[in-house]
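Below is one structure; the comments refer to it alone.
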Amino acid sequence: MRRVAVCPGSFDPVTRGHLDIITRASKLFDKVIVLISINAGKAKPSFTATERMLMIEAVTRNLDNVVIDVLDGLLADYVRDVGAIAIVKGLRAVSDFEYEFQMALANKKLYAGAETVFLTTASENMYLSSSVVKQIAYFGGDISHFVPEEILEDIKKRLVK
Ligand code: PNS
């Protein structure tokens, strides 16, 4: 049986923290679907879904069992439809926990056939988020430690004010 996992997120833009989680998930499952999803609680994204997809494609090229998809709907429905057994998310700090726990329980209620699996973020990525990257980039700060090299220039081009 092929064990499929879905790794959902806004990825606006993908960071080194995301890439670490995707890479580690790719070692645990036969196939990982990185799913660009809509977080209705967040402001309008800075990058279009296609731009985010191209960036993720560029940084996951060496991961043979990783594919990318875009979702405009409920994660639980998608997970059921593709037959995935897990939703993989990174946990940075206690501050992430309540929100992630809430989503994991809601998703389990909507579709009981998959488990949410949390991977602890690598210590060097503890403070990292797409919004931190965006703020630093906007004011011309150095984001090279935060985003994969392949997409550094694309991000700067778009975000530096
Ligand atoms: O990277 P984020 O913004 O923390 O990811 C949150 C995301 C996109 C995974 C979440 O908002 C989501 O699953 N959106 C899809 C719509 C959905 O199923 N919402 C209910 C989740 S309980």
Quiz item: Within straight cross-link reach of Lys44, meaning Cα distance under 17 Å, which lysines are found once same-chain residues fewer than 8 apart are removed?
Solution: Lys134
Practice problem: Provide the per-residue ³J(HN,Hα) series for region 75-88, in order, calculated from phi with Karplus coefficients 6.51, -1.76, 1.60 and θ = phi - 60°, each as a whole number of Hz, with x at glycine and proline positions. | Solution: 4, 4, 5, 4, 4, 5, 4, 8, x, 6, 9, 8, 10, 9
Self-check item: Positive-end residue, region 4-124 charge dipole about Cα centroid, Cβ charges, pick of Leu35, Phe47, Thr116
Solution: Thr116
Quiz item: In terms of modelled amide H atoms, which long-range or inter-chain residues lie less than 5 Å from the amide H of Arg3?
Solution: Asp30, Lys31
Practice problem: Any chance you could check the Cα centroid distance between region 59-88 and region 141-161 for me, in angstrom? | Solution: 25 Å
Self-check item: Rg to Rh quotient for region 4-124, alpha carbon positions, Kirkwood Rh
Solution: 0.92
Quiz prompt | Pairs from Lys27/Lys89; Lys27/Lys157; Lys108/Lys156; Lys89/Lys109 whose Cα-Cα separation, in the structure shown, is over 26 Å | solution = Lys27/Lys157; Lys108/Lys156
Quiz item: Which shape class, rounded, prolate or oblate, goes with region 1-63 when its Cα gyration tensor gives a ≥ b ≥ c as root eigenvalues, a/c under 1.5 marks rounded, and past that a/b bigger than b/c marks prolate?
Solution: prolate
Exercise. Would you please put 95-101, 134-140 in order of how densely packed they are, using the mean number of other Cβ atoms within 10 angstrom per residue and starting with the highest?
Key: 134-140, 95-101
Practice problem: Mind running the shape call on region 35-86? Use the C-alpha gyration tensor, a ≥ b ≥ c as the square roots of the eigenvalues: rounded below 1.5 for a/c, prolate if a/b tops b/c, oblate otherwise. | Solution: oblate
Practice problem: Assign unit charges at the C-beta atoms only (+1 for Lys and Arg, -1 for Asp and Glu), then state the dipole size of region 47-157 relative to its Cα centre in Debye, rounded to the nearest 20. | Solution: 280 debye
Quiz item: Which of the peptides 83-89, 68-74, 113-119 is most tightly packed, and how do the rest follow, judged by the mean count of other Cβ atoms within 10 Å per residue?
Solution: 83-89, 113-119, 68-74
Self-check item: Folded to 0 to 90 degrees: helix 16-28 orientation relative to the chain principal axis, Cα
Solution: 30 degrees
Quiz item: Using θ = phi - 60° and the Karplus form 6.51 cos²θ - 1.76 cosθ + 1.60, what ³J(HN,Hα) does each residue of region 89-95 get, whole Hz, x for Gly and Pro?
Solution: 9, x, 10, 8, 8, 4, 4
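None of the figures in this text is laboratory data; all of them are computed from the coordinates on show. On a predicted model such as this, the values are computed, not experimentally measured, just so you know. So basically every Cβ, Gly included, is an ideal-geometry build from the backbone, and we count neighbours across all protein chains shown.
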